[in-house]
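The values are calculated or read from the model by the stated rules, or taken from the named source; none is laboratory data. No experiment lies behind these values; they were computed from the predicted model shown. For neighbour counting, all protein chains shown are included, and Cβ atoms are generated from backbone atoms with ideal geometry for every residue, glycine included. Quick note on the areas: whole protein, heavy atoms, side chains included, nothing else; ligands and nucleic acids left out. Shrake-Rupley method; radii C 1.70, N 1.55, O 1.52, S 1.80 Å.
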Amino acid sequence: MEARGHPQGDPGPLRDERQQPQQSQGQPCGHRAQPGAVERLWRLLCIWYNRALEAHHFCGEHFMPPTRALISFARATEDDFRQEEAKLAFLWFEGLIVENLGDFDKDKFVNSLIDETTSRRDRHLIHDLTATVEEVLGKPSIEERLAKLEHGYPRWGQNGENYDYPEPENAYDYAHNQLLRAIEIEKGVERFVDGHEIEQVEGRVRVAVDAVGLWDKVNKARSCVLQATLDEDAALKAARSFGRPSGSEALPFHLFNSSIPSLKAVPWNEIIKIKFTGAFDELRQKMSDIAVDADGDLDSARKSLDTHVQEVMDEIVEKAKPRPFLVSMLSIIGNLPFPVANPVGVYTSVRDAASEVKKKDDYNWLYMLRELKKKSSP
């Protein structure tokens, strides 16, 4: 999930846009002025990073495959995704994969996520780390997807009054039936009888179940987690209960999502800056490890995270406890004149430096979590 090869922290001089051609902030990504040297260098770095995501990476003691967020066509149109969850997904995952149907335009999609404060360089980075399903699976997959949306629905009974699968043959049929039941409960009916209502419900169910099928295909080509609508999430859970894996690969992101109040007000330049810091890598690894230990249970993962946070806070407080006598003695001895360097002074200097390094290694993830929570507070 984490790529150790990418630049750490703020890229620094690459942020200087005075060397780049001027362009209106509202101009779409597909219409760019001739790039300057800094712009070309930055885009080469983006391409290099993007390609590195295709390989496996060592992350400390962990070996994890790259993981992206797959955004279904229906999810991409929802306001709460464009305004908020897109930032969470872009920050957590290595990149985005968006379903492109009909007249979909990736430049317009990226421009729908950002605002006028987003720099051209950051806009280009978001664009470069966003792939379409067609780019992953090829054009025939999109044509197949469109054709599948037109196939018929199950009908059986004396007058064709039943509209579910009597004996589900696979996970998709089972998910279809389960989502139908959920919608019937939602609408407060035992069964739908009006033909128009049945068509509306069937179309709603088909879109959700087909999104699960799309995720199955994309996930085989490139490891990804489905960012789903409520219907798609229900269909995915139902499909997984039909003799499929539990879906624990999505739990780390759900733990992260539930731990951060909101990133809606955080500008994209801050999101990108955080994404490329080692501290966020450590937070992501910590949450991933906690999620693995939770065995697919989000509530258990939340409690475990809270426990880890409290333990580290207690440890920080304990280490900060005043020890005036020891400090005074070391200060006095460390300042005594010696023919060579005072060994006590050298010792305390090395100890203090080592202590700061250990703090960084042990607590970086917590500082990042606290920083994100502060940024997300109104």
If you check residue 329 against the conditions, is it closer than 17 Å to residue 366 by Cα, part of a helix (DSSP H, G or I) and modelled with pLDDT under 90? no
Find the residue count for the stretch 282-310, including only residues that are touching a residue at least 40 places away in the same chain (Cβ under 8 Å), in a helix (DSSP H, G or I) and farther than 20 Å from residue 371 by Cα. 6
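Looking only at the stretch 280-303, count how many residues are more than 15 Å from the chain's Cα centre (by Cα) and open to solvent by 20 Å² or more (accessible area, probe 1.4 Å). Talk me through it step by step, then tell me what you get.
Here is the first cut: in the stretch 280-303, the residues more than 15 Å from the chain's Cα centre (by Cα) are 289-290, 292-303.
Filter once more, so that each one left must be open to solvent by 20 Å² or more (accessible area, probe 1.4 Å): 289, 292-293, 295-300, 302-303.
Residues in the stretch 280-303 being more than 15 Å from the chain's Cα centre (by Cα) and open to solvent by 20 Å² or more (accessible area, probe 1.4 Å): 11 in total.
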Failed condition for residue 211, given (1) of a type in the set (A, V, I, L, M); (2) within 24 Å of residue 97 (Cα to Cα); (3) modelled with pLDDT under 90: (3)
Residue selected from the stretch 111-137 under the condition among the polar types (S, T, N, Q) and within 24 Å of residue 218 (Cβ to Cβ), by the criterion surrounded by the most Cβ atoms within 10 Å (Cβ to Cβ): 130
